[in-house]
Amino acid sequence: MIQKPKGTYDVYGEYGKKIKYIEKLIEALMNNYNYEYTRTPIFEPSNLFHRGVGETSDIVSKETYDFKDRGDRDMTLRPEGTAGVVRSYIENKRYGEASVPVKSWYYGPMFRYERPQSGRFREFYQFGVEVFGTNDPLMDAEVISIPVNLYRLLGLKGIKVNINSLGDTETRIKYREALLKHFEPYINDLCEDCKSRYEKNPLRILDCKVDGDKDCIKNAPRIIDYLSEESKEHFTKVQEYLDLMGIEYEVNPNIVRGLDYYTNTVFEVVADIKEFGAQNVLCGGGRYNKLVETLDGPETPGVGFALGFERLMNALEAEQTHIHLDTLDIYVIPMSENEKKVAYHICNDLRMNGFSVDIDYMNRNIKANFKQADRLNAKYVIIIGEEEVKSNILTIKNNKTKEEYKIEVDKLVDFFDENIEE
């Protein structure tokens with residue numbers, strides 16, 4: 001038997017319905033924020049991710065799915081969404097559009113070759129937003145508010161934001177010197193990855209999963225103490241806007257994020273879920289004012305976030321959060337083969353008028369059909385027998401209250417418009 005690849009999973013049944021519900025909720029939320037949908041290729045040239053994500057990140061150095069296509073070109077399955085959206089922004093010259101900022105959202109599969117575990121897969125889905133063209137601290141706060149409001153709409157409790165600032169170029173130069181000086185005496189005590197990071201990007205040492213509990217990392221200088229005056233002012237305004245929105249947050253100097261392109265505001269959204277323990281981060285993001293320029297575009301400020309669907313679904317399950325699942329509007333029961341054509345014509349007409357409709361395909365008896373209607377959680381049942389076909393008057397049954405109605409065929413749509421709620 002052929003089986004799915006390690007680190008992937010199938011979606012079907014009730015789980016699939018929950019995912020589709022959340023996708024619809026995201027789309028509605030993004031419409032409310034006036035963000036536009038963006039879709040980029042699942043595979044792109046490898047140097048896009050190597051340059052955009054950063055050579056020193058674990059994603060590029062250990063986790064990307066790289067391959068050569070038939071034209072001997074180096075390609076990579078996208079490991080995250082931001083680099084592709086930035087490439088699209090540059091390639092399509094969206095920086096020349098009159099309407100700024102450009103506010104985009106995306107949703108789709110990403111691929112990383114890592115050890116599968118709870119909430120982590122090699123193929124996983126991300127929802128994220130990217131905003132280009134403004135350095136306004138209000139936009140930082142708005143971007144933070146999107147996942148917070150999504151979690152609120154889904155009923156997750158105990159949601160909190162951890163924020164930090166990585167500062168501007170001036171800040172990073174001073175801080176890099178401070179880190180090099182701090183870690184120099186401990187370099188031989190660090191893992192091999194951190195020894196490499198010491199030369200290339202010492203900030204990444206703070207995000208190490210191997211050495212994270214060592215005193216030399218816990219006691220490392222804090223970047224927030226090296227912020228330039230401009231970065232301090234930006235960070236203060238972000239916090240003021242979060243206060244205005246009623247979003248609970250905590251300044252956490254230890255947040256550096258795992259990708260190299262972040263500047264100024266960085267954040268994580270965490271949930272107080274007992275089963276998650278320390279692995280309670282549901283979402284992360286921040287500002288990246290140099291990334292567009294790094295990928296050969298004009299100097300353009302940007303800010304965004306990404307959240308993993310699998311972590312979100314695990315959180316909803318752990319909290320036993322109720323997800324509204326779409327139910328079937330109408331189940332149609334033809335009493336015999338003779339009524340099937342009429343029944344299906346009615347099905348088709350109702351579907352084209354916006355109702356969800358199913359019909360008996362298995363020639364069940366009436367008792368088995370009502371059981372099937374219950375299994376499908378149908379709101380109404382239409383029974384079509386010989387008399388109904390002759391008279392053009394159908395028997396309609398409310399599957400919850402068990403009330404019955406006699407409705408003319410040409411008044412069916414009006415009846416269901418009045419009686420079936422959105």
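The values are calculated or read from the model by the stated rules, or taken from the named source; none is laboratory data. What you see is a predicted model; the values in this text were computed from it and never measured. Note that we place each Cβ from the backbone using ideal geometry, even for glycine, and neighbour counts take in every protein chain shown. Only protein heavy atoms, including side chains, enter the accessible area calculation; ligands, DNA and RNA are left aside. Shrake-Rupley method; radii C 1.70, N 1.55, O 1.52, S 1.80 Å.
Of the residues making up region 357-375, those that are open to solvent by 40 Å² or more (accessible area, probe 1.4 Å) and not hydroxyl-bearing (Ser, Thr, Tyr) are ASP358, MET362, ASN363, ARG364, ASN365, ILE366, LYS367, PHE370, LYS371, ASP374, ARG375. Taking the criterion of being without any contact (Cβ under 8 Å) to a residue 24 or more places away in the chain and under 30 Å from GLY96 (Cα atoms), the only residue of region 298-352 that qualifies is GLU299.
Meeting the requirement of 3 or more residues that are without any contact (Cβ under 8 Å) to a residue 40 or more places away in the chain, the strands (runs of 3 or more DSSP E) wholly within region 69-176 are 74-77.
For region 205-224, the criterion of being of a type outside the set (Asp, Glu), in contact (Cβ under 8 Å) with a residue 60 or more places away in the chain and open to solvent by 70 Å² or more (accessible area, probe 1.4 Å) is met by none of the residues.
Within region 271-294, the set of residues being under 24 Å from ALA220 (Cα atoms), of a type outside the set (Gly, Ala, Ser) and either at pLDDT below 90 or part of a loop (DSSP other than H, G, I, E, B) (or both) comprises GLN279, ASN280, VAL281, TYR288.
Test TYR380 against the stated conditions and say whether it is crowded, with 17+ Cβ neighbours inside 10 Å, in contact with a strand residue (DSSP E or B) (Cβ under 9 Å, 6 or more places away or on another chain) and not hydrophobic (A, V, I, L, M, F, W, C). Yes.
Comparison of GLU230, GLU268, GLU250 shows that the only residue that is on the phi < 0 side of the Ramachandran plot, of a type in the set (D, E, K, R), over 28 Å from the mean Cα position of the chain (by Cα) and not in a loop (DSSP other than H, G, I, E, B) is GLU230. Can we say LEU48 is in contact (Cβ under 8 Å) with a residue 24 or more places away in the chain, within 25 Å of LEU325 (Cβ to Cβ), open to solvent by less than 50 Å² (accessible area, probe 1.4 Å) and not in a strand (DSSP E or B)? Answer is no for this residue. Under the condition of being without any contact (Cβ under 8 Å) to a residue 40 or more places away in the chain and either surrounded by 13 or more Cβ atoms within 10 Å (Cβ to Cβ) or of a type in the set (Val, Ile, Thr) (or both), the residues counted in region 6-19 number 1. For region 307-328, a tally of residues being open to solvent by less than 20 Å² (accessible area, probe 1.4 Å) and within 17 Å of LEU376 (Cα to Cα) returns 1. Every listed requirement among (1) crowded, with 18+ Cβ neighbours inside 10 Å; (2) farther than 17 Å from ASN252 by Cβ; (3) within 33 Å of the chain's Cα centre (by Cα) is met by LYS200 save one, (1).
Kindly establish whether VAL143 is touching a Phe, Trp or Tyr at 6+ places or on another chain (Cβ under 7 Å), among the aliphatic types (A, V, I, L, M) and surrounded by 16 or more Cβ atoms within 10 Å (Cβ to Cβ). Answer is yes for this residue. Count of region 388-403 residues, restricted to those that are within 19 Å of ALA373 (Cβ to Cβ) and surrounded by fewer than 12 Cβ atoms within 10 Å (Cβ to Cβ), is 4. Among the residues of this structure, CYS194 does not count as one that is touching a Cys at 6+ places or on another chain (Cβ under 9 Å) and at pLDDT below 80.
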